[in-house]
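Novice: The structure that follows is given in the form of structure tokens.
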Amino acid sequence: MKSFGYVAAMDAKHAIELLAEHGAAAKILAGGTDLLVELKDTQRPPGIVVDISRARDLKDIVLTDEGLRIGALATHGEIMRSALIRDLCPALIEAAHSIGAVQTRNLGTIGGNLMTCVPSMDSGPALIALEAQVTVAGADGQRRMPLVDLFVGPRKTSLTPGQLLVEIVIPKPNLGKPAAFQKFGLRKGQALALVNAAAAFWIDDGKDAFKAPCIALGAVAPTVIRAPQAEAYLAGRAITPEAMAEAGRIAATEAKPISDFRASADYRRDLIAVLVKRCLAAAYARATAKTKERVS
Ligand SMILES: Cc1cc2nc3c(=O)[nH]c(=O)nc-3n(C[C@H](O)[C@H](O)[C@H](O)COP(=O)(O)OP(=O)(O)OC[C@H]3O[C@@H](n4cnc5c(N)ncnc54)[C@H](O)[C@@H]3O)c2cc1C
């Protein structure tokens, strides 16, 4: 490993000061599960690593008037153990549970996962299906934007040097929205997604129809994407297994998967159709189970 400087931030404010001081020379270290692999191999190490892992104010998972705020430093393990997330966004727990092994989930953070910006990241689809927003901060203040706008291309985000991903917010109107996440890898555990997907929708009361459907796909395009044509097909349509299957087929036409050593593009398209259908069915099962819970 080539040598680099190191400095630890005590909280978010300190991290932003350090990032402003070191500019483009700085690289943020959170759980390090991705960055350390990169640092081990790179011939061009950063000038300085800014370690934010001690910044406890970036770890909170809290319910506010805006929605559910998840600090960028919350680990996948903490997300899995959060009663709030289990109750309000269980699809995110499914995604967290699918990441790596216990050790990776205990160190790896949700912010780090999003900031890797790899198309196969597992948190992205579950969050995008719930139309999550992110807060980004720098020396000139902070701003909120849709999570989809963070993703620019493989390993490329819209953040500029000096900026820190502070938190992820699932907007209040989407808390409790029935949703599900599915992943397919070459084995059950410790595998990157060949395809992952998430879907969320409300049930139009009285009509048993899809309302505000949202479908997100990973590992099938340069970034995590939505499937707007499949969403438009579902909106207002009666909830049936046939409609779910057709939405899956439409979503498969919207993606741009590649062929690589893990799978062909055609295989990935088939997977999209199956996983989207399964997500929709699982979200519906979740919604009906909740209704039954309320009635009994
Ligand atoms: C064995 C193994 C298995 C894995 N399996 C999976 C898997 O199944 N699914 C999956 O999605 N990923 C997987 N990963 C990738 C990785 O573990 C996750 O993406 C993890 O969530 C990264 O988080 P981290 O805190 O470790 O990030 P780090 O490694 O600390 O950082 C990753 C990147 O994000 C930047 N960064 C981190 N936090 C911030 C922030 N708050 N603001 C701005 N930039 C930031 C860093 O500068 C770096 O570029 C695996 C990794 C390993 C080693």
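Novice: Being of a type in the set (S, T, N, Q), touching a helix residue (DSSP H, G or I) at 6+ places or on another chain (Cβ under 6 Å) and either outside any helix (DSSP H, G or I) or assigned by TED's automatic domain parsing to the domain that holds residue 74 (or both) is true for just one of 190, 142, 182, 229. Which residue is that?
Specialist: Details: 190 fails: touching a helix residue (DSSP H, G or I) at 6+ places or on another chain (Cβ under 6 Å); 142 fails: touching a helix residue (DSSP H, G or I) at 6+ places or on another chain (Cβ under 6 Å); 229 fails: either outside any helix (DSSP H, G or I) or assigned by TED's automatic domain parsing to the domain that holds residue 74 (or both).
Unique residue meeting the criteria: 182.
Novice: What tally of residues in region 2-41 results from selecting those that are farther than 19 Å from residue 74 by Cβ, of a type in the set (Ser, Thr, Tyr) and surrounded by 15 or more Cβ atoms within 10 Å (Cβ to Cβ)?
Specialist: 0
Novice: Out of (1) without any contact (Cβ under 8 Å) to a residue 12 or more places away in the chain; (2) near the ligand (Cβ under 9 Å from one of its atoms); (3) not charged (D, E, K, R), the odd one out for residue 33 is which?
Specialist: Every listed condition holds for residue 33 apart from (1).
Novice: Next question, about the same structure. Give the residue, chosen from 287, 283, that is at pLDDT below 95 and part of a helix (DSSP H, G or I).
Specialist: Selected residue: 287, the only one of 287, 283 that is at pLDDT below 95 and part of a helix (DSSP H, G or I).
Novice: To continue, here is another question. Condition first: of a type outside the set (S, T, N, Q), free of Cβ contacts under 8 Å to residues at least 24 places away in the same chain and within 9 Å of the ligand (Cβ to nearest atom). Can you find one or more residues in region 38-56 that meet it?
Specialist: For region 38-56, residues of a type outside the set (S, T, N, Q), free of Cβ contacts under 8 Å to residues at least 24 places away in the same chain and within 9 Å of the ligand (Cβ to nearest atom): present.
Novice: Please work out if residue 87 is away from the ligand (no atom under 13 Å from the Cβ), among the acidic types (Asp, Glu), outside any loop (DSSP other than H, G, I, E, B) and in the same structural domain as residue 150 (by TED's automatic domain parsing).
Specialist: Working: away from the ligand (no atom under 13 Å from the Cβ): yes; among the acidic types (Asp, Glu): yes; outside any loop (DSSP other than H, G, I, E, B): yes; in the same structural domain as residue 150 (by TED's automatic domain parsing): yes.
Here the answer is yes, as residue 87 does meet what is asked.
Novice: Restrict the check to region 98-106 and report whether at least one residue is more than 8 Å from the ligand (Cβ to nearest atom), in contact with a Leu (Cβ under 7 Å, 6 or more places away or on another chain) and not in a loop (DSSP other than H, G, I, E, B).
Specialist: So far as region 98-106 goes, no, none of its residues is more than 8 Å from the ligand (Cβ to nearest atom), in contact with a Leu (Cβ under 7 Å, 6 or more places away or on another chain) and not in a loop (DSSP other than H, G, I, E, B).
The values are calculated or read from the model by the stated rules, or taken from the named source; none is laboratory data. Since this is a predicted model, take the numbers as computed values, not measurements. Note that each Cβ is placed from the backbone with ideal geometry, even for glycine, and that neighbours are counted across all protein chains shown.
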